[in-house]
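Before any comments, here is the structure.
The values are calculated or read from the model by the stated rules, or taken from the named source; none is laboratory data. None of the values given here were measured: they were computed from a predicted structure. Keep in mind that these areas ignore ligands, DNA and RNA; they rest on the heavy atoms of the full protein, side chains included. Shrake-Rupley method; radii C 1.70, N 1.55, O 1.52, S 1.80 Å.
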Amino acid sequence: MPSADMVSLISFLAVLLIFFSIDVRSRESAHSQPWHAHLFEWASRLGGIAAALALTLGWVDLFLPDEHSPIHVALVAGPGSVAVLCAIVLGLEMLWQRDSPDAGS
């Protein structure tokens, strides 16, 4: 992957990581929550870990020579795709909360 594209991908992953960091810190962890609250909490945690992994691999790959880089693009795209899927799941959470009767409280 060309360096300019990798920089764009790293920037996107950094924004995702900030999003997941804010989301995880704003959640209240309680064992008495419904199943979907646990699903969204774990999607946020998994997304943050995947974004951090992809960001780290992309950053390291950026400084390695392109010809013999041990980091293949798939190693960055795999966890990056998991992070994006988790962000989509958390986007669906907004629809879920909108339909719940206690969303306003």
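Quick notes
- If you check F12, F19 for being open to solvent by less than 90 Å² (accessible area, probe 1.4 Å), part of a helix (DSSP H, G or I) and modelled with pLDDT of 80 or more, only one passes: F19.
- Just so you know, in region 29-57 the residues that are hydroxyl-bearing (S, T, Y) and under 16 Å from V15 (Cα atoms) include one that is least open to solvent (accessible area, probe 1.4 Å), and it is S44.
- Across region 36-88, the number of residues qualifying as outside any helix (DSSP H, G or I) and of a type outside the set (V, I, T) comes to 9.
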